[in-house]
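Notes follow the structure.
Here, each number is a calculation from the coordinates, and none is a lab measurement. Just so it is clear, the model here is predicted, and its values are computed rather than measured. No Cβ is skipped: glycine too gets one built from the backbone with ideal geometry, and neighbour counts run over all protein chains shown.
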Amino acid sequence: MEQEDQPAENKLITILNRILGHPLFLLIFGVMMQVIMISMIISVIGALNPQPAQSAAFQSGLGVAIALTSAFAYLIFVLFVERKSLTDFEGKGAFAEWGFGLALGAATMSAIVGVIAAMGGYRITGSNGPWVVVPLFGMAMQSGIFEEIVFRGLIFRFTEKWLGSIAALLVSAILFGFAHLSNPNASWFASIAIAIEAGILLGAVYMVTRRLWAVIGLHMAWNVTQGGVFGIKVSGTDIPGFFISQMSGHELLTGGAFGAEASLPALIIATALGLYFLRKAWRKGEFAHPSWHRFKTGGAAPSGV
């Protein structure tokens, strides 16, 4: 009787293993780990200080805590749930890739603001001390590390394993833009702009490097340069920057109350840059077909997929 039941048991185990190893299940599980662990650390900080000061220093410290918790949750997920090496955060070449991302993010945002200024939409009216930039780094760590782990390390990566690179780029970009609808002064146009310009650029850079270092650096520098240096709202949030600035003109030029990210110069410059990196990824052979196409044809996925 036991021998007759064994094949059914083996079949059930096989089905269960396929479900647990499916990219969609791993994606949902990975995101849930992020949400649960970050909620826990926020609750702990809230319990230690029930009435936290809403100062820039406190927000910066909270940002660092969230970023480190997110990285730890991703480490646990990859090593013990996914059961693979942590290639996204390999140490060799990490500083060079992170530095490249920082330079790319700063240069891109500087070019965007430069075009807006040249067209009369941005003007410097004064300056603050350089120390005003320091508290912003904690918040930049939160957005750079947490958001890139979720949107590129989890959503993009597992969607690509399942549905291929094009679908992964579209899904991660749309969700990334949609997530910004909850920001102050957000609009559907701003959300779509973020999805196109930043979603494509960050996804493309991730495809080229197949690691998170460069996109984290890009995301961090984008925010710090926009808010901390040029004094422009970051995704609708007022940020005290080194320069005290004034934006004037049509919303398509300045981005209006949301900030330069919702401007036409940002949409054109960042999207063009994203398409450049997509072309580079294509030439490197980093575009993956959907999983069923690879199974049917016997084709191999790019090494990072």
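Details
- Cβ-based exposure ranking for W213, W222, W162, in which fewest neighbours within 10 Å come first: W162, W213, W222
- L24 versus I174: modelled label distance in nm, points set 7 Å from Cα along the beta carbon direction: 1.5
- Each residue, L48 and A94, gets one label point 7 Å from its Cα in the Cβ direction; the gap between the two is 2.3 nm.
- Footprinting exposure proxy for L48, L27 (fewest neighbouring C-beta atoms within 10 Å first): L48, L27
- Under a 5 Å amide H cut-off, with hydrogens placed 1.01 Å from N, V234 pairs with I239 among residues at least 5 apart or on other chains.
- Computed extension gain for W131 through A57, at 0.36 nm per residue and net of the alpha carbon distance, reaches 25.5 nm.
- Each of S291, S55 has some number of other Cβ atoms within 10 Å of its Cβ, and from fewest to most they run S55, S291.
- Computed [θ] at 222 nm, helices only, for the chain once each DSSP H run of length n ≥ 4 contributes -39500 (n - 2.57): -18500 deg cm²/dmol
- The stretch 156-206: C-alpha gyration tensor shape, a/c 1.5 cut-off, then a/b vs b/c: prolate
- Degrees, to the nearest 10: 94-118 long Cα axis against longest axis of the chain: 40
- Using R0 = 51 Å, the C-beta based FRET efficiency linking I13 and W188 works out to 0.60.
- Estimated at 0.36 nm per residue, the fully extended path between T87 and L275 surpasses their Cα-Cα distance by 65.2 nm.
- Under 5 Å from the amide H of S245 lie the amide H atoms of T125, each residue being 5 or more positions distant or on a separate chain, with H modelled from the backbone and absent for Pro and chain starts.
- Exceedance of the 24 Å cut-off in Cα-Cα distance is limited, within the set K92/K284; K92/K280; K233/K280; K161/K280, to K233/K280.
- For the stretch 191-256, averaging the sequence separation of C-alpha pairs within contact (under 8 Å, six or more residues apart) and dividing by the residue count gives a relative contact order of 16 percent.
- Size descriptor, Kirkwood hydrodynamic radius, that averages inverse alpha-carbon separations across the chain, Å: 20.6
- Debye, to nearest 20: dipole size of the chain, +1 on Lys, Arg Cβ, -1 on Asp, Glu Cβ: 720
- Protection-proxy order for peptides 104-112, 195-203, each taking the mean of Cβ atoms within 10 Å per residue, highest first: 195-203, 104-112
- Highest-first packing order for the peptide set 170-180, 126-136, 237-247 is 170-180, 237-247, 126-136, based on the mean count of other beta carbon atoms within 10 Å.
- Global form of the stretch 38-172, assessed from the alpha-carbon gyration tensor, a/c cut-off 1.5: oblate
- Amide proton proximity set for Y122, modelled H, under 5 Å, gap of 5+: A117, S248
- Relative protection proxy for 224-235, 77-88, from highest mean packing down: 224-235, 77-88 (other beta-carbon atoms within 10 angstrom).
- Full-extension gain in nm, F80 to I36, via 0.36 nm per residue minus C-alpha separation: 14.2 nm
- Here the Karplus curve 6.51 cos²θ - 1.76 cosθ + 1.60, taken at θ = phi - 60°, turns the phi angles of the stretch 158-164 into couplings of 7, 5, 5, 4, 8, 10, x Hz, with x standing for Gly and Pro.
- Calculated FRET efficiency for the pair T237/F72, C-beta based, R₀ 30 Å, to 0.05: 0.70
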